[in-house]
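Engineer: Before anything else, here's the structure in question.
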Amino acid sequence: MHTVTPLSPDGFADRLDGLSLLLAETVAGGASVGFLAPFDRRAAARWWRDRAPAVADGGLLVWVAEGPAGVMGTVSLALGGKANGRHRAEVVKLMVRPDARGRGLARTLLATAERAAALAGITLLTLDTETGSAADRLYRAAGWTPYGLVPGYATDPFGTLQDCTFFYKRIS
């Protein structure tokens, strides 16, 4: 059983080690989440620490799923910062540790972010992911609408160009 918790700035700081391990394992496993291999825990910790100001000012909302082995997954919402975009947010860095996959944890984290967005008055969510990936299938199954595919948009961790599908979901 996993507990999903929203992180305060202090809670975020307390979970940096677990978040760093999760990110490093995700990249090592080949997920296209914005980083190139080799990517170790030190680099992952640096990336997460750089997010701390956004967490502190409320521009980035972060949740973790924890179990007996620590942080097993995470999802974040990057809130729209422009005056004409405060109704929208981007789902970023939905990740689940390899040994916790296939049990619905990613779906639970995504639903958590969607509910939180609705409670915050956000009516539109966006995201992008590697076309044909497990994440692509998850978003389609969860009712997200694809609105475009960009060939060769980003590389996977090993430098191979991958197509990317962009999605949106209206939240009520």
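Since every read-out is calculated from the coordinates, none of them should be taken as a lab result. For clarity, every value in this text was computed on a predicted model and none was experimentally measured. Reconstructed Cβ throughout: ideal geometry from the backbone, glycine too, with neighbour counts over all protein chains shown.
Engineer: Over the chain, what is the relative contact order in percent, taking alpha-carbon pairs closer than 8 angstrom and at least six residues apart? Intermediate values should be presented prior to the final figure.
Structural biologist: Numbers: 313 pairs, mean separation 37.8, N = 172.
Averaging sequence separation for qualifying contacts and normalising by length gives 22 percent for the chain.
Engineer: Rank these for me by crowding, 153, 168, going from fewest to most other beta carbons within 10 Å.
Structural biologist: Values: 153 17, 168 14.
Least to most surrounded, the residues fall as 168, 153.
Engineer: Here's a follow-up. Going by C-beta contacts inside 10 Å, put 8, 32 in order with the fewest on the left. Write out the running numbers ahead of the final one.
Structural biologist: Working: 8 12, 32 23.
The order, fewest Cβ neighbours first, is 8, 32.
Engineer: Which whole-Hz ³J(HN,Hα) couplings does region 5-11 yield from phi under the Karplus relation 6.51 cos²θ - 1.76 cosθ + 1.60, θ = phi - 60°, glycine and proline marked x?
Structural biologist: 10, x, 9, 6, x, 5, x
Engineer: Then there is this: Give me the three principal axis extents of region 110-172 from the C-alpha atoms, as integers in angstrom, largest value leading.
Structural biologist: Sorted largest first, the three principal extents are 39, 19, 19 Å.
Engineer: A follow-up question, please. If one computes the Cα centroid of region 125-172 and of region 1-79, what distance in Å separates the two points?
Structural biologist: 20
Engineer: Further question: Would you mind getting me the FRET efficiency between residue 1 and residue 119? Use the beta-carbon distance for r and R0 = 25 Å, nearest 0.05.
Structural biologist: Details: r = 24 Å, r/R0 = 0.95.
The calculated FRET efficiency here is 0.60.
Engineer: If you don't mind, another one. Which residues' amide hydrogens lie under 5 Å from the amide hydrogen of residue 153, considering only partners 5 or more residues apart or on another chain, with H built in the peptide plane?
Structural biologist: Excluding prolines and chain starts, which carry no amide H, the hits are 162, 163, 164.
Engineer: At q = 0.08, 0.13 Å⁻¹, what is the base-10 log of I(q)/I(0) for the chain according to the Debye formula with one equal point scatterer per Cα and no solvent? Please give it to two decimals.
Structural biologist: The computed values of log10 I(q)/I(0) come out as -0.22, -0.62.
Engineer: Next up: Pulled fully out, how much extra length does the chain show between residue 138 and residue 56, if you take 0.36 nm times their separation in residues and subtract their Cα-Cα distance? Walk me through the numbers on the way to the answer.
Structural biologist: Details: separation 82, 0.36 × 82 = 29.52 nm, distance 2.97 nm.
That works out to 26.5 nm of additional length.
Engineer: Using the crude model of +1 on Lys and Arg Cβ and -1 on Asp and Glu Cβ, and no other charge, please compute the dipole size for region 3-122 relative to its Cα centre, in debye to 20. Working shown, then result.
Structural biologist: Working: 15 positive and 11 negative charges, 59 e Å.
Taking the Cα centre of region 3-122 as origin, the dipole is about 280 debye.
Engineer: A further question follows. What is the extension gain from residue 163 to residue 13, computed as 0.36 nm multiplied by their sequence separation minus the C-alpha to C-alpha distance, in nm to one decimal?
Structural biologist: Numbers: separation 150, 0.36 × 150 = 54.00 nm, distance 3.40 nm.
That works out to 50.6 nm of additional length.
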